[in-house]
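> There's a structure below that I have some questions on.
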Amino acid sequence: MTDQELLELIAQGDQAAMEVLVYRYHAEIYRYLYRSTNREKLAEDLAQETFLRVVRYLGQGKYPAQFRPWVYRIATNLLRDTFKSAGYQRQVPASQEEVAQLSEEGPKGRAESNLIDIVLKQELRKQVVEAIQALPRELRQVIIMRFYQELKIKDIAQALGMPEGTIKSRLHRAYLQLSETLGDYVDDSQAQGNRRFKTAKE
């Protein structure tokens, strides 16, 4: 059942449809909030408040044309208020879950060169997450929404209340900064992998 069909049922007073819609997006919105704050408890609180507002707005007959960008906009507005609050201090280090999550496929049965490749990719993943965390907040936000949350540019624009051109510009600036930060590391990792691969073959 599509989001729009659920919204139509909610408009008819179907409480079960409301529960389905909240359940469908709760984990996704939590991940977005967690990646944006790096604080588990804060992300949980913001996710709860996001869906309290969703339920309240829908209960008042406020139905969005598209639910997904709308719920992201609610979550993003809560993030903005949180970032502006005096008690909030951005946690710079990325979480252990984000930077050190190992591949579910273990090394058993793999060639040494493949194992080395896994290690190098995991190290690069750590560097990527840390580089994203170091971006200015407005650039980090669009990167998270585009590549972690897999939102379309038009949906990001709706969620942030900005023109699509602005989103594209911010993504481009983020790409440039990430390329500058990670470029040398990627080259070094690839060279190191090649050297180790040759050693393993010998």
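Values quoted throughout were computed directly from the atomic coordinates according to the rules given, and no laboratory measurement underlies them. Since the structure is predicted, the reported quantities are computational estimates derived from the model, not experimental observations. Backbone-built Cβ (ideal geometry, glycine too); neighbour counts: all protein chains shown.
> In whole Hz and in residue order, list the ³J(HN,Hα) couplings for the stretch 133-146 that follow from phi through the Karplus curve 6.51 cos²θ - 1.76 cosθ + 1.60, θ = phi - 60°; x for Gly and Pro.
4, 7, 5, x, 4, 5, 7, 4, 4, 6, 5, 4, 5, 6
> To the nearest 0.05, what FRET efficiency results for Arg53 and Ser179 with a Förster distance of 35 Å applied to their C-beta separation?
Efficiency, from the Cβ-Cβ distance: 0.40.
> Once you list every other residue whose beta carbon is under 11 Å from the beta carbon of Trp70, what net charge do they have if Lys and Arg are +1 and Asp and Glu are -1?
+2
> Can you give the net charge of the other residues whose Cβ lies under 11 Å from the Cβ of His26, counting K and R as +1 and D and E as -1?
Counting the neighbours of His26, the net charge comes to -1.
> Using the Cβ atoms and a cut-off under 9 Å, what net charge is assigned to the surroundings of Leu6, where Lys and Arg are +1 and Asp and Glu are -1?
-3
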